[in-house]
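First up is the structure itself, then whatever we jot down about it.
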């Protein structure tokens with residue numbers, strides 16, 4: 001059961017130095033992600049508890065695909081375990097990712113970034129899925145904490161950066177045989193930095209979920225950093 005629910009909750013984990021805020025939003029002309037075919041990003045994921053580092057490369061393909069009402073651009077993510085596909089869409093000042101962890105789990109269209117909005121702007125995405133009789137409900141809340149800052153990642157200074165904090169709220173778990181939802185205590189500190197043209201340059205994910213009477217379900221503490229890139 002824990003392995004199953006960990007896969008489901010993985011959907012939810014999708015993470016400076018300050019300048020003077022722009023109160024009306026970051027209106028930099030360059031988009032906050034490049035879709036140009038052939039562009040590559042080399043990232044490292046550090047497990048802060050185990051002190052292990054896992055590199056992976058994200059490459060923009062020449063393929064688009066339609067999902068619902070949006071056209072998503074296809075990216076290949078390659079690590080030691082092989083290649084998976086990621087899907088991103090830019091709709092004006094809004095940035096979406098379409099995510100599917102496994103065929104048995106639901107897909108989710110996640111609005112992960114808004115450009116040109118004031119500090120404090122927030123939006124919520126509901127999450128609900130069930131498998132083998134267990135049902136999970138939650139919501140993902142994203143908040144623009146700083147719409148115009150600077151951050152140093154791997155020795156590179158990125159300017160006009162947007163910092164987004166993510167919260168997992170209202171998590172409940174229903175298990176067959178238990179006539180009421182089990183409350184889930186969430187301890188979290190999750191935020192991400194997005195730079196013009198480069199997109200994600202750093203994400204920090206500290207997330208712990210404790211289920212009443214069941215122990216700890218998830219205890220994650222990772223950092224994703226952009227190491228290098230080749231922007232087309």
Is there a residue being touching a helix residue (DSSP H, G or I) at 6+ places or on another chain (Cβ under 7 Å) and at positive phi anywhere in region 91-109? no
All-but-one check, residue 67 against (1) modelled with pLDDT of 90 or more; (2) more than 27 Å from residue 147 (Cβ to Cβ); (3) in contact with a strand residue (DSSP E or B) (Cβ under 8 Å, 6 or more places away or on another chain), failing number (1)
Does residue 86 satisfy being modelled with pLDDT of 95 or more, part of a strand (DSSP E or B), surrounded by 13 or more Cβ atoms within 10 Å (Cβ to Cβ) and within 17 Å of the chain's Cα centre (by Cα)? no
Restricting the search to region 35-60, which residues are more than 18 Å from residue 95 (Cβ to Cβ) and more than 19 Å from the chain's Cα centre (by Cα)? 37, 38, 49, 50, 51, 52
Is at least one residue of region 25-45 at pLDDT below 95, farther than 17 Å from residue 223 by Cα and outside any loop (DSSP other than H, G, I, E, B)? no
How many residues of region 203-230 are under 15 Å from the mean Cα position of the chain (by Cα) and under 14 Å from residue 48 (Cα atoms)? The answer is 11
Would you confirm, using the coordinates I've provided, whether residue 71 is assigned to a strand (DSSP E or B), under 19 Å from residue 115 (Cβ atoms) and out of contact with any helix residue (DSSP H, G or I) (no Cβ under 8 Å at 6 or more places or on another chain)? yes
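The values are calculated or read from the model by the stated rules, or taken from the named source; none is laboratory data. Everything numeric here is computed off the predicted structure, so don't read it as measured data. Because the Cβ atoms are built from the backbone with ideal geometry, glycine has one as well, and the counts that use them run over all protein chains shown.
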